[in-house]
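First comes the structure, then the notes that go with it.
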Amino acid sequence: MDPQEKKRELRRKAMQLPLTPGVYLMHNQAGEIIYIGKAKALKNRVSQYFGSEKNHDAKVRKMVSNVDWFEYILTDSEFEAFVLESSLIKQHQPKYNILLKDDKGYCYIRVSGGSWPRISAVLQVEDDGAKYIGPYLSYWSIRETVDAARKIFRLPDCNRKFPQDFGKSRPCLNFYIDQCCAPCRGRISEADYNEAFQQALDFVKGGSSTSVRELEKRMEQAAEALDFERAARLRDRINAINKLKDRQKVVASRVEEQDVFALAQGESQTAFEVFRFTGGKLSDRESFLTEGCQPDPEARSEFLRQYYSIRDRIPPVLTMDGPVEDQELVARWLSEKRGRGVKINVPQKGSQRQLVEMCRSNAAENLAQQSGLSGRDASALDELRRLLGLEKAPAYIECYDISNLQGGENVAGMVVFENGRPLKSAYRRFKIQTVEGQDDYGSMREVIRRRFQEYRAHQAQGDGEGFGRMPDLILLDGGKGHVNAVQPVLQEMGVGAPLYGLVKDDKHRTRAIALSGGEIAITSTRRAFTLLSTIQDEVHRFAIGYHRQQRKKSAISSTLLSIEGVGPARAKALLKHFKTVSAVAEADLKELEAAPGMTKPAAKRVFEHFHGEEEVKTGENPGKTGEIPAKG
């Protein structure tokens with residue numbers, strides 16, 4: 001069956017559904033469940049899938065294209081539908097629902113056997129003669145603790161074996177930055193090494209406070225025994241532990257027990273980050289990466305249900321980076337699972353908001369590692385997506401600017417930013433052809449029309465590069481007047497890319513984003529602001545550079561090219577030799593004749609143009625210094 005006919009048939013069936021709560025299950029041709037959802041009114045919700053695609057994100061459009069049939073289950077209330085949906089998703093793991101892999105197993109601290117022992121964080125116990133301490137729930141916290149212990153007590157983390165590898169090679173960088181005692185040099189005794197190792201193990205097992213108390217006691221004993229070298233080593237270790245505790249305060253929370261959530265969306269993936277706080281301290285951290293993008297509130301709602309279906313501990317407070325779809329239902333569901341009340345909080349300012357921003361930065365960093373971007377670029381693009389309400393992060397951005405001088409030499413520049421960085425190979429210049437005088441709106445309409453005419457031509461040839469690529473976002477250097485002038489052109493040509501303007505203040509700095517109905521203010525503290533400012537400055541530089549180039553060519557045309565016998569090649573050679581038109585005008589006849597590409601007749605005409613026929617006859621140039629011939 002034709003896909004459009006299939007869609008119409010599914011819509012007819014959806015329109016026959018009742019206006020009651022329930023759960024719907026979408027199947028593909030193989031009969032597999034590919035999506036499960038719940039609805040307050042089944043008819044309204046399910047029929048939306050098979051109507052217009054304008055309000056659907058890419059993930060929904062892809063899912064709908066694979067639906068062959070659907071079924072539904074009626075419930076007595078929306079909350080019952082919510083609970084049933086969560087249960088069915090966990091049971092069937094549909095492809096187009098957010099699915100989280102439960103890789104949260106136990107972890108251990110491994111203490112190697114023999115002399116010169118090592119400590120490490122591992123996920124499995126092996127029969128290798130080593131001693132294993134655990135199990136622990138949070139691999140992240142154990143790994144962080146082991147890494148900290150190595151640095152504080154200056155233990156090696158390399159693969160060298162001691163004493164076999166004594167003196168075989170130079171110490172690594174860790175020795176030179178005072179994070180390793182470098183047993184490989186063979187200059188530390190096994191007794192001193194074992195003492196440091198045991199102190200590191202006590203630190204890992206007992207925590208920093210217990211370790212500090214024990215180290216302070218040993219330091220006092222060493223001082224009383226006049227072993228000042230050992231006392232100094234212990235003092236340095238105590239200071240290192242205290243510094244670590246100070247750094248940990250950065251991610252401390254006033255709320256004793258809470259989970260903090262944030263997301264960052266890219267072009268085709270969504271990253272979720274979770275900070276788990278116990279006793280006001282960061283006790284665990286988890287990162288998840290899922291395929292596809294969808295509106296943030298829906299993504300948060302789906303993620304919470306999936307996350308707490310694979311986690312036992314539910315805290316009394318969930319702190320989110322934005323609104324959650326069906327927030328009351330989610331909170332009620334979590335409260336029933338926990339057996340006590342659960343509050344979902346979206347902070348707007350203060351220390352809780354700072355925690356959310358830190359969590360979001362880590363989500364962006366996780367996304368960046370998967371997509372090859374820098375964390376800053378991924379964060380800026382995700383922030384721009386949220387600021388503009390875009391379906392996905394704008395990986396490919398085009399920006400346009402018009403440049404002229406009182407309507408003369410009317411040109412435009414187009415710059416492209418891909419993944420937050422300039423893509424100079426895609427920059428384009430336009431010489432305005434149909435607009436006379438200073439009409440920026442008309443010029444911008446011409447440029448946009450020509451650009452997407454090129455897009456159609458490239459698409460017809462199967463070329464998806466350069467003009468053949470549809471931008472994720474179009475920016476204009478100008479306010480809502482520019483947006484209103486250009487939007488009809490895009491609509492006429494069937495271009496659905498979002499369009500916004502960049503507004504500058506009286507100091508020529510980016511201050512807001514313009515849309516057809518008004519402006520969106522942006523503050524200088526946001527990463528999106530930095531990206532937009534960079535784009536606006538770059539398009540202005542590029543457009544005005546082309547305008548100056550055209551003015552320079554125009555100046556040549558109105559002077560040198562107006563001289564008989566001087567064509568473009570000869571005019572270019574003259575400018576290359578004399579540098580400026582003024583220098584050509586001041587040159588004497590012999591200098592002009594000696595210039596590259598010149599002949600005596602051509603030199604004579606150039607000289608006559610600037611000095612007149614009488615000076616040619618005398619061979620003198622009043623513009624030059626020298627002896628003035630006597631009169632009479």
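Against the conditions (1) surrounded by 18 or more Cβ atoms within 10 Å (Cβ to Cβ); (2) in a strand (DSSP E or B), where does Arg305 fall short? Just the number, please.
(2)
Of the residues that sit in region 511-539 and are more than 20 Å from the chain's Cα centre (by Cα) and not aliphatic (A, V, I, L, M), which one is surrounded by the most Cβ atoms within 10 Å (Cβ to Cβ)?
Among residues in region 511-539 that are more than 20 Å from the chain's Cα centre (by Cα) and not aliphatic (A, V, I, L, M), the one surrounded by the most Cβ atoms within 10 Å (Cβ to Cβ) is Arg511.
Cβ-Cβ under 8 Å, sequence separation 6+ or interchain: first residue in region 511-530 and free of Cβ contacts under 8 Å to residues at least 24 places away in the same chain, partner in a strand (DSSP E or B) and among the polar types (S, T, N, Q). Which pairs?
From region 511-530, the pairs are Phe529/Thr510.
Determine if region 92-107 includes at least one residue that is assigned to a helix (DSSP H, G or I) and within 35 Å of the chain's Cα centre (by Cα).
Yes; the residues of region 92-107 include at least one that is assigned to a helix (DSSP H, G or I) and within 35 Å of the chain's Cα centre (by Cα).
For every residue, the table says whether it meets (1) charged (D, E, K, R); (2) closer than 30 Å to Tyr136 by Cα; (3) touching a Lys or Arg at 6+ places or on another chain (Cβ under 8 Å).
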{"site": "Arg150", "(1), (2), (3)": "yes, yes, no"}
{"site": "Pro163", "(1), (2), (3)": "no, no, no"}
{"site": "Arg170", "(1), (2), (3)": "yes, no, no"}
{"site": "Tyr176", "(1), (2), (3)": "no, no, no"}
{"site": "Cys180", "(1), (2), (3)": "no, yes, yes"}
{"site": "Gly186", "(1), (2), (3)": "no, no, no"}
{"site": "Phe203", "(1), (2), (3)": "no, yes, no"}
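Determine whether region 7-26 contains at least one residue that is buried (at least 16 other Cβ atoms within 10 Å of the Cβ) and free of Cβ contacts under 8 Å to residues at least 24 places away in the same chain.
No, region 7-26 contains no residue that is buried (at least 16 other Cβ atoms within 10 Å of the Cβ) and free of Cβ contacts under 8 Å to residues at least 24 places away in the same chain.
Please determine, by comparing only the residues of region 476-493 that are touching a helix residue (DSSP H, G or I) at 6+ places or on another chain (Cβ under 9 Å) and of a type outside the set (A, V, I, L, M, F, W, C), which one is farthest from Gln438 (Cα to Cα).
Among them, the one singled out is Glu492.
Search region 183-196 for residues that are assigned to a loop (DSSP other than H, G, I, E, B) and pair each with any residue that is surrounded by fewer than 16 Cβ atoms within 10 Å (Cβ to Cβ) when their beta-carbon atoms are under 6 Å apart and the residues are at least 6 apart or on different chains.
Gly186/Phe166; Gly186/Gly167
Give the residue that is farthest from Val274 (Cα to Cα), with candidates limited to residues of region 110-153 that are part of a helix (DSSP H, G or I) and among the β-branched types (Val, Ile, Thr).
Across region 110-153, the extreme among qualifying residues is Ile152.
Go over the candidates Lys59, Lys54, Lys101 one by one and state the one that is outside the structural domain of Glu298 (by TED's automatic domain parsing) and surrounded by 20 or more Cβ atoms within 10 Å (Cβ to Cβ).
Of the residues listed, the single one that is outside the structural domain of Glu298 (by TED's automatic domain parsing) and surrounded by 20 or more Cβ atoms within 10 Å (Cβ to Cβ) is Lys59.
For every residue, the table says whether it meets (1) at pLDDT below 90; (2) in a helix (DSSP H, G or I).
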site: Gln348; (1), (2): no, no
site: Gln354; (1), (2): yes, yes
site: Ser361; (1), (2): yes, yes
site: Glu365; (1), (2): yes, yes
site: Gln370; (1), (2): yes, yes
site: Leu373; (1), (2): yes, no
site: Ala378; (1), (2): yes, yes
site: Arg386; (1), (2): yes, yes
site: Cys399; (1), (2): no, no
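Would you confirm whether any residue within region 544-559 is touching a Gly at 6+ places or on another chain (Cβ under 7 Å), closer than 30 Å to Pro488 by Cβ, at pLDDT below 85 and surrounded by 17 or more Cβ atoms within 10 Å (Cβ to Cβ)?
Yes; the residues of region 544-559 include at least one that is touching a Gly at 6+ places or on another chain (Cβ under 7 Å), closer than 30 Å to Pro488 by Cβ, at pLDDT below 85 and surrounded by 17 or more Cβ atoms within 10 Å (Cβ to Cβ).
What about Gln294, is it at pLDDT 90 or above, polar (S, T, N, Q) and either crowded, with 19+ Cβ neighbours inside 10 Å or touching a Pro at 6+ places or on another chain (Cβ under 6 Å) (or both)?
no
The values are calculated or read from the model by the stated rules, or taken from the named source; none is laboratory data. Fair warning: this is a prediction, and the values are worked out from it, not measured in the lab. Counting neighbours? That spans all protein chains shown, and the Cβs are built from the backbone with ideal geometry, glycine included.
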